[in-house]
Amino acid sequence: MLDTDTKELSGTFCNVADTAHSDKYSVFASFSHYRIDGLWKDGWELSLSSNRTLGSAGIQADFRNITFSVAASGLPALKSSVTIHTADSSLYATALVERGAPDLATIHWESENENDEVHLIEGDWNSQYLRKGFTAGARFAGNELAAGLQHIGTTPYNAKREYFIKDSSRIWLWNAQYTHHFETSKLDFYYAGISADVNIFGNTWRDNSTKRFMFVPLDASLHYGSIQWEKETFGLDARGIKADIHMERNKKRFFETFAPNRLLPVSIMQTLSFSFLQKNFLVDADVNLSAVMLGGHFNPQFEITTHTKVSPRIDLHGYYTYDEIEVDRTSSTTSFIGYSAQNEAWSWMLESYGLVAGLGITLERETQGILRNLSLFASATQIVPFKTDYTERTETPSDKNKNAGLESGGIFRSGFAAHFGASIRF
């Protein structure tokens, strides 16, 4: 999605799911595969990848005033929920608890200098989390109202591997939705927010002991809102998102952002000069992202035969985004004869506006036999920038105020997404 010769981001996802109903009980299962790859080159090379195939299954029991659900997945994770509701579900409240221990990603760092004592680091990022949530809602006179609150906490643990990543996080998620149904149309308001306090640790394990060489404290917040109006085959919508991420350096001992000297075994450290590899990197970073979209869709339906329908869909939205990233880094070296520090600063700014165009089609066939419904659908989305301003500024002791521009539209030139799917009902 994002590629400026030094920064890349891409992802794929595939999912198959099925549900079987019998009286008050439902059994559901799914099988999914996803892959996410990120790469950042800046002299050194930092990459993140996650490639997982997961299966999940569960059972749900529906009674007059209460519903139970239990599901397990290959993360691994186990989730249970209970819903209390009126007989017509006009009032309901749901509580859920989920515990899991997923492998989040593999992080790979490679130095630009192959002769460095620590040239290559590759560690798996594992996490243990507990998610708790509560949702309440009501339906009355053509209105639907719902609100929810969730809390996710992760617990760090040590793995007996040469390099590994762990985190200690506290994340709050909340959302609210209001929908009003008119005779032939629907108006929907939605808002969601996230507040996160995340501490990421890089560790090395040798000689039955664990040393920390990296500490990344992150404070993040995200706000998303949308307004949508739909009437039969036509709809209008407006969406907006704002995200802020902050990382603050901590000059206290053992709180270096990245300390390569801690990666070395004691035997090597004892034979090296005191001035070799005694380097620490302290980083401040601010990321501010904002974007708005405004547009609509047209989704007519045509009947080909008595039991077959085809529904083409056209989406067209205008977008505007303004994003800023600022990074300040202090590289300090300590030895028995003194101390030296070097300050470096980078900033990136992106401002862009244009169109997001999408085309899709759904083919649906309904019969009276064993196969009651078959639906096939496909869609493609393309970013079409009208103007893109991208500025990169660096400020180092050897290179002051260097600016790098990017041709208009270049950063989104490969911004493309595709979706294919099928639904079968017996």
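Values in this text are rule-based calculations from the coordinates and carry no lab data. Predicted model only: the values in this text are computed from it and were never measured. Cβ placement follows ideal geometry from the backbone for every residue including glycine, while neighbour counts extend to all protein chains displayed.
Near the amide H of PHE234, under 5 Å away, which other amide H atoms are found, from residues 5 or more places off or on another chain, if H is placed in the peptide plane?
Answer set, sorted by chain and number: ASN299.
Among HIS85, ALA105, LEU75, whose Cα sits farthest toward the positive end of the charge dipole of region 69-119 (+1 at Cβ of Lys/Arg, -1 at Cβ of Asp/Glu, about the Cα centre)?
The listed residue farthest towards the positive side: HIS85.
Between TRP125 and residues 5 or more places away or on another chain, which pairs have amide H atoms under 5 Å apart, with H built 1.01 Å from N, and which residues are they?
So TRP125 has HN proximity to LEU104, ALA105, THR106, ILE107, ILE165.
One-quarter of the Cα convex hull surface for region 113-192, in nm²?
Numbers: hull surface 38.1 nm².
Computed as one quarter of the Cα hull surface, the answer is 9.5 nm².
Mind ranking 373-384, 303-314 by how tightly packed they are, going by the mean number of other C-beta atoms within 10 angstrom, highest first?
Details: 373-384: 15.3, 303-314: 12.6.
Packing order, densest peptide first, comes out as 373-384, 303-314.
Taking LYS160 as the anchor, which aspartates and glutamates have their alpha carbon closer than 20 Å to its alpha carbon, excluding any fewer than eight residues away along the same chain?
The qualifying aspartates and glutamates are ASP103, GLU122, ASP124, ASP207.
Per-residue HN-Hα couplings for region 217-222, Karplus 6.51 cos²θ - 1.76 cosθ + 1.60 at θ = phi - 60°, whole Hz, x for Gly and Pro?
After applying 6.51 cos²θ - 1.76 cosθ + 1.60, I find x, 10, 10, 9, 9, 9 Hz.
Please list, in order along region 324-331, the HN-Hα scalar couplings obtained from phi with the Karplus expression 6.51 cos²θ - 1.76 cosθ + 1.60 (θ = phi - 60°), rounded to whole Hz, x for Gly and Pro.
9, 10, 10, 10, 10, 10, 10, 9
For LYS186, give me every one of the aspartates and glutamates with a C-alpha distance below 16 angstrom, ignoring sequence neighbours fewer than eight places off in its own chain.
Partners found: GLU144, GLU230, GLU232, ASP237.
Please give the peptides 281-289, 182-190, 229-237 ranked by average Cβ packing (other Cβ atoms within 10 Å per residue), highest first, as a rough proxy for protection. The partial results should precede the final answer.
Working: 281-289: 16.6, 182-190: 12.6, 229-237: 14.3.
Ranking, from highest mean packing down: 281-289, 229-237, 182-190.
I'd like the FRET efficiency for VAL70 and ASN115, computed as 1/(1 + (r/R0)^6) with the beta carbon distance as r and R0 of 60 Å, rounded to 0.05. Mind dumping the intermediate values first?
Working: r = 55 Å, r/R0 = 0.92.
About 0.60, to the nearest 0.05.
³J(HN,Hα) across region 19-26 via Karplus (A = 6.51, B = -1.76, C = 1.60, θ = phi - 60°), whole Hz, x for Gly/Pro?
Those phi angles translate into 9, 10, 10, 8, 6, 8, 10, 9 Hz.
Please compute the modelled spin-label separation between SER89 and ASP37, points set 7 Å along Cα→Cβ, answer in nm with one decimal.
4.2
Can you list the aspartates and glutamates whose alpha carbon sits under 12 Å from that of LYS211, skipping same-chain ones fewer than 8 residues off?
Cα-Cα hits under 12 Å: GLU162.
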